[in-house]
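Some notes on the structure that comes next.
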Amino acid sequence: MLGRRNQAIMSDKLNKNLWGGRFEGEADPGFAEFNRSFGFDRRLFEFDVCASIAHCGGLAAAGVLTASQVDQIRSALNTILERGRSDAGYFDEPAAEDVHSFVEARLVEMIGDTGRKLHTGRSRNDQVATDLRLWLREEIDRTTTSLRRTQQALLDFAETNRVAVMPGYTHLQRAQPVLFAHWCLAYFEMLARDRERLADVRRHVNILPLGSAALAGTSYPIDREAVAHALGFEAVSRNSLDAVSDRDFCIEFAGAASLIMLHLSRLAEDIILYSTTEFGFFELSDAIATGSSLMPQKKNPDSMELVRGKAGRVFGHLIALLTTMKGLPLAYNKDMQEDKEAIFDTVDTVKASLDVTTTVLGNIRLHETKMREAATRGYLNATELADYLVRQGMPFREAHESVGRIVMHAIERKIELDELSLDELKSYSPLVEPDVFESLSLERTLATKSQAGGTAPDQVEAALVQARDSLLNS
């Protein structure tokens, strides 16, 4: 009975902290709560348990634990893992300092002193670095899947509207006509780069710090390579000081995530603009828009406005991580506890924004007539006229100047270039022939952009096929 009581007392101490031996007094309650991270780092629970099971195997191979102790620890950890997965209230029982003390306390409750042996040869410093890398590795895979779904939605949108034409813009001024599918593929390429960046980040994440202990490395002959293999890591860290104080992988992920949000924000901005009455190219379905509490006629693109707004939130986390790490001496410092909430929220925000964007792309209707009309008004074929004159033998700079004067003439007459008479055009250059009007047509304007990456229909069709293949094979 006395043994059980002592065990309960020790378990209660573990619920509070893992470092009580050197201290005689109690921590100030306000500071204790300020210091506590279990409210958010419980998200690492499954990874802490899995890393503990792998560490148990490393201790067994090093002769620190007997076969019987290993069986006890592994069985108890698996029970803890299943309880945590099935019982949401499991985490509300103790006032644990962090997820590591929570798991250890549950282990000691179940198997007593044997449970205390598990922490041999490790520190919370290498423990949390391992947990965070395991967690982030999985979240990178999930984020990559979400990116693929958004790319898929862009391709579906493009393929459904293959013949739609729209104005392309520079400086938000109508510039040259492009196929709508070409516009979709531009964002597809941005997200493709994002996936490549995440793959690079994942490679840097997939390094095992466990075995570095607090900062100097472990004194026990643990086979770190074997532990890394058990946890699916590609390699072990090469320097213990660096391993426990490194959060480059968090910053790299936040940087890659910021670029994802930047691209989603640009896409959102286009969708918001093109859905306005002034543009009138897109119409959002009721599923992805909201109304006004005052103005009954309103249909607001809140879905895309929120994505655009949340980009700033993710950018802020990147700056916070950089600021936190910039002045820290080696090795671990408590400041680094601030990494988790920033990374957790970054992951949540990016995945939610990708999912909403995917939904939006499947709920937009194009007003193709209005898009096509916009692509044929405003002298968007002026460059084609200059290129026509170049093909007739005129230097480009001279052609550019001549077409500028023709545009001014058309503006004065309030008509488009292809509405001018042949005589009017010839008055600016004797090189103009009747075939000029074919060159000024929308179809010809698109078709001439036939080099790789251009908006010519055959190039866009090939790009769609290539994009589809890249998704299927990745």
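The values are calculated or read from the model by the stated rules, or taken from the named source; none is laboratory data. Being a predicted model, the structure only gives us computed values, none of them experimental. Positions of Cβ are backbone-derived with ideal geometry, glycine not excepted, and every protein chain shown enters the neighbour counts. Just so you know, the surface numbers come from the protein's heavy atoms only, side chains and all, with ligands and any DNA or RNA stripped out. Shrake-Rupley method; radii C 1.70, N 1.55, O 1.52, S 1.80 Å.
Keeping to region 394-424, report how many residues are closer than 24 Å to ALA456 by Cβ and either open to solvent by 40 Å² or more (accessible area, probe 1.4 Å) or in contact (Cβ under 8 Å) with a residue 60 or more places away in the chain (or both).
Residues in region 394-424 being closer than 24 Å to ALA456 by Cβ and either open to solvent by 40 Å² or more (accessible area, probe 1.4 Å) or in contact (Cβ under 8 Å) with a residue 60 or more places away in the chain (or both): 3 in total.
Quick check, is SER353 touching a residue at least 40 places away in the same chain (Cβ under 8 Å) and either open to solvent by 50 Å² or more (accessible area, probe 1.4 Å) or not aliphatic (A, V, I, L, M) (or both)?
Spelling it out, SER353 is indeed touching a residue at least 40 places away in the same chain (Cβ under 8 Å) and either open to solvent by 50 Å² or more (accessible area, probe 1.4 Å) or not aliphatic (A, V, I, L, M) (or both).
For region 133-153, which residues satisfy the criterion of being within 19 Å of ASP48 (Cβ to Cβ) and open to solvent by less than 40 Å² (accessible area, probe 1.4 Å)?
ARG133, LEU134, TRP135, LEU136, ARG137, GLU139, ILE140
Which one is modelled with the highest pLDDT among residues in region 85-96 that are in a loop (DSSP other than H, G, I, E, B) and open to solvent by 10 Å² or more (accessible area, probe 1.4 Å)?
Of everything passing the filter in region 85-96, ASP87 is modelled with the highest pLDDT.
Exactly one of these conditions fails for VAL432: (1) farther than 20 Å from GLU373 by Cα; (2) open to solvent by 20 Å² or more (accessible area, probe 1.4 Å); (3) more than 28 Å from the chain's Cα centre (by Cα). Give me its number.
(2)
Within region 260-269, is there a residue that is open to solvent by 20 Å² or more (accessible area, probe 1.4 Å), aliphatic (A, V, I, L, M) and within 19 Å of LEU354 (Cα to Cα)?
Yes, there is a match, as at least one residue in region 260-269 is open to solvent by 20 Å² or more (accessible area, probe 1.4 Å), aliphatic (A, V, I, L, M) and within 19 Å of LEU354 (Cα to Cα).
Out of ALA235, ALA214, report the one residue that is open to solvent by 20 Å² or more (accessible area, probe 1.4 Å), in contact with a strand residue (DSSP E or B) (Cβ under 6 Å, 6 or more places away or on another chain) and modelled with pLDDT of 95 or more.
ALA235
Would you list the helices (runs of 4 or more DSSP H) that sit entirely within region 240-358 and hold 1 or more residues that are aromatic (Phe, Trp, Tyr) and touching a helix residue (DSSP H, G or I) at 6+ places or on another chain (Cβ under 6 Å)?
So the answer is 248-274, 302-325.
Within region 437-463, how many residues are of a type in the set (S, T, N, Q), within 31 Å of the chain's Cα centre (by Cα) and not in a loop (DSSP other than H, G, I, E, B)?
Within region 437-463, residues that are of a type in the set (S, T, N, Q), within 31 Å of the chain's Cα centre (by Cα) and not in a loop (DSSP other than H, G, I, E, B) number 1.
Hey, among SER470, SER427, SER441, which residue is surrounded by 13 or more Cβ atoms within 10 Å (Cβ to Cβ) and over 29 Å from ASN161 (Cα atoms)?
Every option except SER427 fails the conditions.
Which of the residues that make up region 20-55 are surrounded by 11 or more Cβ atoms within 10 Å (Cβ to Cβ), outside any helix (DSSP H, G or I) and modelled with pLDDT under 85?
Matches in region 20-55: ALA27 only.
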